[in-house]
Each structure stands twice: as C-alpha cells, then as structure tokens.
1. What are the extents of the Cα atoms of region 1-52 along their three principal axes, listed from largest to smallest and rounded to whole Å?
2. Quick one: which residues, 5 or more positions from Val35 or on another chain, have an amide H under 5 Å from its amide H? H modelled 1.01 Å from N in the peptide plane, none for Pro or chain starts.
3. Starting from the Cα-Cα distance between Thr173 and Asp126, subtract it from 0.36 nm times their residue separation and give me the gain in nm to one decimal.
4. Quick one: 3J(HN,Hα) in Hz for region 113-129, Karplus 6.51/-1.76/1.60 with θ = phi - 60°, rounded, Gly and Pro as x.
Amino acid sequence: MSATETIEHVTVKSPLRMQELGRALAGLLRPGDLVLLTGELGAGKTTLTRGLGEGLGVRGAVTSPTFVIARVHPPLADGPALVHVDAYRLGGGLDEMEDLDLDVSLPESVVVVEWGDGKVEELSEDRLHVVIERAVGADAPAAPADGEAPDEDDVREVTVRGVGARWADVDLTVLAGS
C-alpha cells in the first residue's frame, strides 16, 4: 500500500447492511469523486449505490442502469448529483464511454461506475475502488451480536480502497461500523 492509497475491509451480512454501508460511504464523498464498483452479478453493487443515493439526498429511486447505461439523480438540497453508470455492456475502455460525458459531469457530481475497472480510471487520479465478494464456506462469519442471522448467500466481504491524494487522509475505518 502506497502513501496515496488507503484500504478498509468490511463484512456485510445482509442487503440492509449493504445499503447502510452505502449511506456511511456517502458521508465521505464530495463533488468530483469517482467510485468504481466491482463484484459479480448480484453482489450488491446497486444496493450499495442505493444507500449512497440516500446518504447524498438525491432525487429518484436508484435502480440498476444496465439498459440505459447511465442515470443522473439530481440533489434534493445543496449536495452533489449522483451519476450512476453501469459499464457491464460496454466492452471498451474510456473511448467507448466518452459519449456519456462523464468527464463533464465529474467535477460537480459523485460518479459511481459499476463494472468500471479497466474502463474509467483515466477520468481521475483520485478514486475509490469498492470490491464486493461473496463470503463462502469457512469465510462466512457467525451471526452478528444483534441477533440478525445472516443468510450465507447474503454475506459479503467489501474492500474499499482509496487511490490518490484525495483519499490519503480520509479515515475509511468509519465504514467498519456500518
């Protein structure tokens, strides 16, 4: 890990907790932030983004933009808009995404790109990578203290990695309590 990279690992035991993690993450975001979400189909990328939208206070239901590629959710108050992109159907890199004008939206918005790894990193030297993986078998944690029994299929291991000077001094450990 370099001086311009910070990492936090969080175990998420249900879709509700994933949404709560998104709300907590929203508290760290500001206009101009780029967030890349990685995880298999059904991992919880859109659920996390729904929580981000709630935390940012944006208008409209946050749903998967798979078929429209991108959705813009304007703020309800003074915060940034949320631009939610699904790059799953896009095979190329940034060239194929140029029509979305993400570089124009980025300075005043929070841009979240599902399936963005290897496609949009060039948009910003400072970005947040969120990797969501299913916890399986021996990796699956025991029931949480609050008595909410996790469904083994719902448990996720989430790695949040801040890259660049923007994230160097951000305390990602606040996410562990979500």
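Read the figures in this text as sums done on the coordinates, not as results from a lab. No experiment lies behind these values; they were computed from the predicted model shown.
1. Sorted largest first, the three principal extents are 32, 24, 17 Å.
2. Close amide H contacts, sequence-distant or interchain: Val111, Val112, Val113, Leu128.
3. Working: separation 47, 0.36 × 47 = 16.92 nm, distance 1.84 nm.
So the chain would gain 15.1 nm between Thr173 and Asp126.
4. 10, 6, 6, x, 4, x, 10, 10, 4, 5, 5, 7, 6, 9, 7, 10, 9
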